Structures are given as structure tokens and as C-alpha cells.
Amino acid sequence: MADTDEQWERKAIERLAGAALQEQRRARRWGIFFKLLTFAYITVILLMAVDWKSRGEATDGKHTALVEVSGVIAPGADASAERIVAALQAAFKDGNTQGVVVRINSPGGSPVQANAIYDEMRRLRQKYPKIPLYAVVEDLCASGGYYVAVGADKIYVSKSSIVGSIGVRMDGFGLTGLMEKLGVERRLLTAGENKGFLDPFLPVNEAQQRHAQALLEDVHRQFIGVVREGRGKRLKESPEIFSGLVWTGERGVELGLADAFGSLDYVAREVVKAENVVDFTEKENLAERFARRFGAGAASALLESTLRASLQPR
């Protein structure tokens, strides 16, 4: 009986010691986490202060304002309408801006986002009639990228630039044959006969396909209207112009898709007559990148720590 009591006391002591040790480890992990969080907070504040200072000093003297449209035009991207519109507004509002250049290197993207940028470019030109607005094309200015470009007073290209692609596309795929070979049965429940619109796991529905084509043609018609509005009589229309084809910058000038050859430096120096270029592009700064990456890393570490603690034997 005495041995049983001793064993019970020993096990109780071991459990208490184990629980205390586990609690210490948990407290240590949380302590490290909050120290890292405090360090990250201080670092972000310092980076933001440096970034604000550099932005505040950037617009001294007469200058050409630059706004970059780089990459896919889409919500949340560097070339989103939100970022580009904010940059354009800041560029036109600055009292030292002599001209604004939108430098484009984009394959296109969302027609909604491109239209929002185009509309704002036209609005700002009316609000600030003394500030010219130019587009400078680098390697690629296609589809939604060209949609944006036609909002400028003039479009400058390199002879080897690629411009055009005035068209609209909708991508998809079909897996019905593969599913049959694999013996997979598609089970889809909907409320509304067209809720499974163009489902890739179902055979093509001709009525839905016609509706999708009508949607594409509507957006294409809007795109064509914007190009005609922006380019006016400079555009040498032909059946191929609005077919989705692309051309070199050299051919684009001949077709009236662009006005002349020139780089950012050339336009700033020879056209705007303000050689100093100030970048107004809304870019993710060091503080934002650090905060985003640290936030993701800290969340992952916290989750891993919590899971490890919960899986430990008690």
C-alpha cells in the first residue's frame, strides 16, 4: 500500500513538473513573438518615415511627372486603377509639373480597370488644360495597355515596340472527355438554369456560348469606341485594326496607332522641356513590403507554435 502511495505521489509530481515546464516553454515562445512584433513595428515606422521624407523632397523644381503602368492591369496589382489614378492625380496636382508621361509596358488586363484609368486621364486633361499628357511605350502596349495609352494627347513608341491587340478574349477549357476516360461523374446543383455558365466540366451549351460571345462583342465595341475617341482622325482604320492583331511601333506610327518615336528622356527633354523626371508612381514601399512579409511569417510561426503546443502530450 505504501509503494502504491509513493508511485502515485511520484507520478503527480512528474505531471506537475511537466505542466510547469510546458507552461514555461509556451510563455517563452509568446515572449519571443511579442519582441519580434515590437521590433517589426518600430522598423516599419522608421521605414515609413524615411519613405515619406524622400517623397516630400522629390518634387522640388520644374519637372516632368512620370506614372508607370507596368505589368498586368488588374485589381490589387501594381498597375491597378486605384494606384494609377492616385498617381495621376498627384502628378497633375503638383505645382511644379510641366507635363505628365504615362510610361506603359503592359500586355493588358481588366477592361474595367483600363477604362477607369482612361476616364481619369481624360478628366484630368480637362481640369488641367495647360499640362500636357503623353504616353511612352516601352516593349509592349497591348490590349488594356493600349486602352490606357489612347487617353494621352500623343503616344510615343520605339520602332521595335509592340502595340495594338484591340480585341477581347475569354479563356476556358473542357475536361469532359478526360473525365469520361477517368470514370469521373460531374455532379452540379444550381438554382437558375444558367448558374453553371460555361462550366468546364460540362459539355458546351450553345446558348451560353452565344451569350458569352455577345458579352465579348459588347466589350470589344466599347474598346473600339475609346480608341476612335482617343485617336480621332489620326487613326487609319482598316478591317485589321480592330481584329486583335499587334504591330511594331514603326508600323503603329504608319497606321496612326502611335504618333512618333521617342523615349521617356526624349519626351521630357524635347517635348515637355523639363528634363528633370519625378516618379509619382504608387509603388509598394519598403515599409509595406516588410509589414506584409513579416505579417505572413509571424502568422505562420504563431500557427505552427500553437499547433505544436496543442499536439504535445499533457
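Among the chymotrypsin sites (Phe, Trp or Tyr not before Pro) found in the stretch 191-239, those both in a DSSP coil and sparsely packed, with 14 or fewer other Cβ atoms within 10 Å of their Cβ, are PHE197. Largest to smallest in accessible area, the residues TYR147, TYR128 fall in the order TYR128, TYR147 (1.4 Å probe, all protein chains included). Among the listed pairs LYS62/LYS283; LYS62/LYS154; LYS93/LYS159; LYS195/LYS283; LYS62/LYS236; LYS127/LYS159, give every one whose C-alpha distance is greater than 29 Å. Violating the 29 Å limit, Cα to Cα: LYS93/LYS159; LYS195/LYS283; LYS62/LYS236; LYS127/LYS159. Our estimate of slack between LEU16 and ASP139, defined as 0.36 nm per intervening residue step minus the Cα-Cα distance, is 37.4 nm.
At R0 = 22 Å, how high is the FRET efficiency between LEU175 and LYS195 if r is their beta carbon distance? Nearest 0.05 is fine. The partial results should precede the final answer.
Details: r = 19 Å, r/R0 = 0.86.
Working from the Cβ atoms, E equals 0.70.
Phi-derived couplings, Karplus 6.51 cos²θ - 1.76 cosθ + 1.60 at θ = phi - 60°, listed residue by residue for the stretch 150-163: 6, x, 8, 5, 9, 10, 10, 9, 8, 4, 9, 4, 10, 10 Hz, with x used for Gly and Pro. Label zone of VAL72 (point 7 Å out along Cα→Cβ, amide N under 14 Å): in the stretch 120-144 this covers 144. Among the trypsin sites (Lys or Arg not before Pro) found in the stretch 146-219, those both in a DSSP coil and sparsely packed, with 14 or fewer other Cβ atoms within 10 Å of their Cβ, are LYS159, ARG169, ARG186, ARG187, LYS195.
A simple rule links phi to the HN-Hα coupling: the Karplus curve 6.51 cos²θ - 1.76 cosθ + 1.60 with θ = phi - 60°, which for the stretch 122-137 gives 5, 5, 5, 5, 6, 6, 10, x, 8, 9, x, 10, 10, 10, 10, 9 Hz, with x for Gly and Pro.
Ranking of SER165, SER80 by solvent-accessible surface, largest first: SER165, SER80 (1.4 Å probe, protein heavy atoms only, all chains present).
Hey, with R₀ at 41 Å, roughly what FRET efficiency would ALA207 and TYR128 work out to, going by the Cβ-Cβ distance, to 0.05?
Values: r = 49 Å, r/R0 = 1.19.
Given R0 = 41 Å and the Cβ-Cβ separation, E is 0.25.
Within 13 Å, Cβ to Cβ, of ILE241, how many net charges do the neighbouring residues add up to if Lys/Arg are +1 and Asp/Glu are -1? Mind showing how you got there, number by number?
Working: positive: ARG228, ARG231, ARG234, LYS236, ARG251; negative: GLU237, GLU240, GLU254.
Every neighbour counted, the sum reads +2.
The values are calculated or read from the model by the stated rules, or taken from the named source; none is laboratory data. From a predicted model like this one, the values you see are computed outputs, not experimental measurements. FYI the Cβ positions are ideal-geometry reconstructions off the backbone, even for glycines, and counts take in every protein chain you see. To get the accessible areas, we keep the full protein, side chains included, count just its heavy atoms, and leave off ligands, DNA and RNA. Shrake-Rupley method; radii C 1.70, N 1.55, O 1.52, S 1.80 Å.
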